[in-house]
1. Please arrange 260, 477, 227 by counting, for each residue, the other beta carbons lying within 10 Å of its beta carbon, fewest first.
2. In angstroms, what radius of gyration and Dmax does region 406-491 have, counting Cα atoms only?
3. What FRET efficiency, computed as 1/(1 + (r/R0)^6) with R0 = 45 Å and r the Cβ-Cβ distance, is obtained for residue 479 and residue 53, rounded to the nearest 0.05?
4. What lysines does residue 351 reach when the alpha-carbon gap must be under 20 Å and sequence neighbours fewer than 8 apart in one chain are set aside?
5. With the convex hull built on the Cα atoms of the chain, state its orientation-averaged projected area in nm².
6. Roughly what % antiparallel, to the nearest 5, for the DSSP beta bridges in region 1-131?
7. Against the longest principal axis of the chain, how steep is helix 318-330, in degrees 0 to 90 to the nearest 10, with axes from Cα atoms?
8. Just in region 194-281: which trypsin sites (Lys or Arg not before Pro) are loop by DSSP and have at most 15 other Cβ atoms within 10 Å?
Amino acid sequence: MTNDMKVWFLASEVAPFAKTGGLADVAGSLPNAIKKMGVDVRVALPFYRMVKEGNFPTRKALSRLEVPLGERMLQGDVLETATTEGVPVYFFDRGDLFDRPNLYGTPEGDYRDNLERFTFFSRAALLFARVVGFSFDIVHCHDWQTGLIPTYLKTIYREDPFFSHTASLFTVHNMGYQGIFPAAKLTTCGVPATELNPEGIEYWGKISLLKAGIVYADAMTTVSPRYSREIQTPEFGMGMDSILGKRSADVYGILNGADYSSWNPATDEHITNHYSLDNMNGKKKCKADLVKELGLPQRFVDRPLLGMVSRLSAQKGCDLLAQIVEDIVRLDAGLVILGAGEETYQALFLKLGKKYPENVAVRIGFDEALAHRIITGADMLLVPSQYEPCGLTQIYGLKYGTVPIVRATGGLDDTVQAFDRNSGEGTGFKFVEYEPGAFLDQIKDAVKVFEDRPGWMKLVQNGMQADFSWEKSAREYVSLYEKVKARATER
């Protein structure tokens with residue numbers, strides 16, 4: 001489609017280097033898909049301890065890059081590696097900011113200096129490009145951690161010839177994370193005081209880096225068409241619906257894709273028994289292995305096994321699930337939960353696991369290999385989110401023949417088609433009202449279909465045939481890049 005487009009792709013986490021959630025999966029997969037379309041795309045993220053411990057081969061790209069942070073001038077190194085598909089990846093290294101156990105904080109809360117950390121990264125990414133002469137057409141930024149970058153391009157670098165034809169695209173993966181800090185921190189950001197107003201970076205007397213990205217970017221995307229519409233309503237806008245409404249002509253919804261090189265039951269390195277639509281024997285073996293690994297009774301090899309792989313938070317519908325665990329036990333279904341997050345839900349699910357050890361297995365933490373084994377071995381995947389910008393686990397579940405049971409919101413509604421037993425069409429089960437009874441009804445329906453083996457296999461096959469590969473989404477992104485670039489050229 002294009003062979004002269006240059007994109008600087010900036011995110012606070014990128015798989016496989018550093019990951020806490022779906023943003024990393026997107027930032028790890030989308031650049032590879034874009035590169036295949038002839039785009040010169042390069043990726044940047046901070047050099048966290050997690051990256052260092054991954055022992056990725058790197059070389060020094062630049063030493064002692066000078067980066068202003070408020071009244072101070074800090075120095076940092078830049079390291080370089082590449083993805084398996086050859087996309088250059090740059091790590092911005094400053095130990096006092098990024099050499100920590102976690103990416104954003106501890107279970108007690110966010111790191112107190114997150115504004116300083118991601119201001120440094122954002123400023124450094126732009127300065128590095130100028131130093132090495134990477135004259136990019138588009139800077140594609142993700143979430144509040146990079147929200148200052150569009151702001152800089154429209155303010156302090158507005159007259160800089162190097163950035164004169166640079167356009168910015170800002171992707172919001174979750175409106176719930178807004179990067180809100182005291183207004184006094186504006187000087188640390190290096191943003192002119194004139195921008196501290198309701199039309200700029202100011203947000204209810206504070207500053208919001210998410211709002212900065214929304215207001216100053218040339219265009220904005222979200223990670224599913226439905227979510228792009230939902231966030232412009234009071235219910236889902238998280239207080240920013242009116243801000244988004246002013247920019248509605250520049251807001252686009254592009255559905256996330258799935259990386260089928262990592263998520264494919266025929267080749268998955270995390271499972272021992274591979275399978276495909278033509279030969280499903282491996283799935284039952286994987287289920288038996290999972291039942292044994294998690295210490296559940298042998299009967300669950302043949303009974304319905306429900307899985308949930310998720311951040312444990314209110315957003316993910318953990319309260320709904322907690323209220324119906326006893327009902328699931330009464331159905332003689334098994335329940336497997338893997339995740340980490342809010343202490344309330346971690347403790348609650350562990351307690352339920354101890355109360356019902358014959359039916360419920362709970363593992364707290366982030367375990368990529370176990371996540372693959374649960375999505376492989378479970379019969380049904382639970383995603384009862386209050387809201388869900390896109391969601392990837394339900395897409396993975398479809399590919400693995402693990403039927404999703406989801407709330408009809410955001411990307412969940414875009415990717416799962418309700419199953420119709422009469423026509424045999426559909427890929428999963430959906431409920432609308434955010435209440436435990438509606439969720440439980442869909443689980444009961446799924447269990448009934450599970451007991452009708454021909455009907456169940458038809459449903460499983462429908463899901464496995466669905467295609468959410470990155471190619472289509474990448475085409476939409478490149479088309480949007482070209483549109484935004486054309487606007488910038490006209491400036």
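Please treat every number below as a calculation from the coordinates, not as lab data. Because the structure is predicted, anything quoted here is derived from the model rather than measured. All Cβ positions, even for glycine, are placed from backbone atoms using ideal geometry, and neighbour counts span all protein chains on display.
1. Details: 260 17, 477 25, 227 28.
Going from least to most buried by this count: 260, 477, 227.
2. Rg and Dmax of region 406-491, Cα atoms, are 18.8, 62 Å.
3. Calculated value: 0.75.
4. Those lysines meeting the cut-off are 316.
5. Seen from a random direction, the Cα hull of the chain projects 22.4 nm² on average.
6. 65
7. So the inclination is approximately 10 degrees.
8. On the way: sites: 206, 211, 226, 229, 246, 247; in loops: 247.
Passing sites in region 194-281 are 247.
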